[in-house]
């Protein structure tokens, strides 16, 4: 019996004091060997097409002088989308639904962007605090607003990903827990609804991974 709706997201389940739930983050590595077959499968061809498309888009956002940087953001997208999809499997811990995971991805990236920008492009970073055409009287307020919006960026990235992943999982858990008390007809309708929600969650898993990677790329492009 479920005593707490959020117990499905409890990361403290352990064996011999080891937090084994977090090992689900590395399950995505199991899918990688198929990329190295002599004859590529349809899955590997599809994934190659996705990564090439992302590489071209990130290269366009970053500029031609930072083409190698796109590998970082393609890898970031791959990590998040693997973990999002693995979280849809039964009894697999969803690591991306926790701020521990999402902040660990967003905060170091943001700190690296800020350090690089302020050390190498100091004047550009100061100029970015005041949008062009701002009246002189509003400049102090604009600096304050731009500074706050810049500081909260890693938090918004982390919360957006975690909240979107946990919301769908909570809805699936909540609806699924009502199954034993329903009639046969309502259970059939519930199963259809759960399947539709699962399809929606699969779409959200891809979209949120893409949004996280694209916003990180945009933040990186602003400091150069």
Where labels lie 7 Å past Cα in the beta-carbon direction, separation of residue 45 and residue 202 in nm: 2.0 nm
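Can you sort 209, 48 from fewest to most other Cβ atoms within 10 Å of each residue's own Cβ?
Details: 209 22, 48 12.
In order of increasing Cβ crowding within 10 Å: 48, 209.
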Degrees separating the helix 139-151 axis from the principal Cα axis of the chain, which is the longest one: 40 degrees
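Quick one: if you take sqrt(5λ) for each eigenvalue of the C-alpha gyration tensor of the range 58-174, what semi-axes come out, biggest first, whole angstrom? Mind dumping the intermediate values first?
Details: eigenvalues 231, 76, 24 Å².
Listed largest to smallest, the semi-axes of the range 58-174 are 34, 19, 11 Å.
Could you list 185, 156 in order of exposure, starting from the residue whose Cβ has the fewest other Cβ atoms within 10 Å?
Working: 185 8, 156 12.
Ordered from fewest to most neighbouring Cβ atoms within 10 Å, 185, 156 come out as 185, 156.
Can you give me the orientation-averaged projected area of the convex hull built on the Cα atoms of the range 5-222, in nm²? Intermediate values should be presented prior to the final figure.
Details: hull surface 71.4 nm².
Computing the convex hull of the Cα atoms and averaging its projections yields 17.8 nm².
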Principal-axis tilt of helix 70-86 within the chain, Cα atoms, nearest 10 degrees: 20 degrees
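What's the exposure ranking of 42, 153, going from fewest to most Cβ atoms within 10 Å? Spell out each step's value before the answer.
Details: 42 7, 153 19.
Arranged by neighbour count, lowest to highest, 42, 153 become 42, 153.
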Cα long-axis angle, helix 153-177 against the chain (0 to 90 degrees, to the nearest 10): 10 degrees
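Every number in this text was worked out from the coordinates using simple rules, so none of it is lab data. Here the structure is a predicted model, which means the values were calculated and not measured. A quick note on method: Cβ atoms are made from the backbone with ideal geometry, for glycine too, and the neighbour counts reach across all protein chains shown.
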